[in-house]
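To start, the structure itself, in C-alpha cells.
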Amino acid sequence: MQHACAACCIPEFPPLSDLAPHLLFMLAAAGFFAGFVDSIAGGGGLITVPAMLIAGIPPLQTLGTNKVQSVFGAASATIAYARNGHVHLRTQLPMALMAIFGGSLGAALATIVPGDVLRAIMPVLLVAIALYFALKPNLNDVDKHRRMRPFVFGLTLVPAIGFYDGVFGPGTGSFFMLSFVSLAGFGMLKATAHTKLLNFGSNIGALVVFVSFGAILWKIGLMMGVCQFLGAQLGSRLAMRTGARLIKPLLVVVCVAFTIKLLADPANPIRVWLEI
C-alpha cells in the first residue's frame, strides 16, 4: 500500500462543516464501534477505513487520519487496562518505545515495501490466527509457560509487528495477541491489555510520519478519536468483566471478517493470480 507521497500532491478535502449530517453521523458511529471492537480483539481499522473512504476522503488522508483516531482508541483501552492492573506502564515502556520505533520506520519505508505481497499473504495469516485461537484448547486468562524471554521478545517481535503496522496496518492487534499468547505465555486478558499498549506505540510512530507528509484531516480525526475513546472505554471494561469468553470468539470473528474483506477486493493479488 502506497502511504507516502509529496505533500503538495495531496488533494483538498472539504472542511468538516461541509460534510452531510448523515456522513458525520456515520463517521462518529464508526469511530465508537471501532473503539469498542478494537479494545477487545483489534481490527478497528476494518470499520473506520471503509467508513472514511465511503465519506469521500482520499486514501492517503484516510490512512493518516485513521492513525489519529487509532491513537485515541488505543490510549483509552490502555488507560482502562492499566488502572485495573492488567498492564504496568513503567515496566512495559521499553517495549512501547520499540513499537514506536517499528511503526515510524514502517511508515517511512512504506513506498519501498511491495504492497501486493502484503495483501497476498494477509488472508493466509489471518486465517491461520483465527484457526489457532478457535481450535487451541485451554486458552483462558491464566498465564502459561513462557517460550521467549521478554528482552528478546521486545527486541525482535515488537518492532517487527510495529513495522508492519506502519507499512500496512490491518491485523496488527491480532499479530500482537498471537505473539503474547503463544510466545510470551500471557493469558488472553493480559495479552489484550499489552497489545493495546504496543498498538498505541506503533500508532504514535506511524502518526509522526503521516504528520510530516501533511496527510491528516485533524477535525475529522479528532472527532472520530473522541468517539473511539468512548467506545474503547466500554469495550475494555466489558473485556475485563468477561475475559477470554468474549475476547477469544471476537478475535476469531474479526480475523475471518477481515479475511473476507481482503478477498472480496477484485484487485487482491490472490484473486488476480487465480484469475477469479
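Can you tell me the dipole magnitude for region 21-273 around its Cα centre, using point charges on the Cβ only (Lys, Arg +1; Asp, Glu -1), in Debye to the nearest 20?
Working: 18 positive and 6 negative charges, 129 e Å.
Roughly 620 debye for region 21-273.
Relative to the present Cα-Cα distance, how much length would full extension add between Phe151 and Leu125 at 0.36 nm per residue of separation?
Numbers: separation 26, 0.36 × 26 = 9.36 nm, distance 2.52 nm.
Full extension of this stretch gives 6.8 nm more.
Calculate log10 I(q)/I(0) of region 144-257 for q = 0.10, 0.18 Å⁻¹, where I(q) comes from the Debye formula with a single equal point scatterer on each Cα and nothing for solvent.
Each listed q corresponds, in turn, to -0.34, -1.04.
Between region 58-72 and region 177-242, what's the alpha-carbon centroid distance in Å?
13
At 0.36 nm per residue, and after removing the present C-alpha to C-alpha distance, how many nm does the segment from Leu234 to Leu263 gain when stretched out fully? Spell out each step's value before the answer.
Values: separation 29, 0.36 × 29 = 10.44 nm, distance 3.08 nm.
Additional length available on full extension: 7.4 nm.
For region 21-273, which whole-number percentage of the solvent-accessible area (1.4 Å probe, protein heavy atoms only) is attributable to carbon and sulfur atoms?
Carbon and sulfur: 73 percent of the exposed surface of region 21-273.
Which entries of Lys67/Lys219; Lys196/Lys219; Lys196/Lys248 have Cα-Cα distances beyond 20 Å here?
Working: Lys67/Lys219 13 Å; Lys196/Lys219 24 Å; Lys196/Lys248 16 Å.
Result: Lys196/Lys219 exceed 20 Å.
Above 22 angstrom, tally the Cα pairs of region 21-273 and express them as a % of all pairs, no decimals.
Values: 16011 of 31878 pairs.
Above the 22 Å cut-off, region 21-273 has 50 percent of its Cα pairs.
Suppose R0 equals 41 Å; then what is the FRET efficiency for Val253 and Trp273 from their Cβ-Cβ distance, rounded to the nearest 0.05? Write out the running numbers ahead of the final one.
On the way: r = 27 Å, r/R0 = 0.66.
Calculated transfer efficiency: 0.90.
The values are calculated or read from the model by the stated rules, or taken from the named source; none is laboratory data. Just so we're clear, the structure is a prediction, and the values are computed from it rather than from any experiment. Don't worry about glycine lacking a Cβ; one is built from the backbone with ideal geometry, like all the others, and counts go over all protein chains shown. With ligands, DNA and RNA removed, areas are computed over all heavy atoms of the protein, side chains included. Shrake-Rupley method; radii C 1.70, N 1.55, O 1.52, S 1.80 Å.
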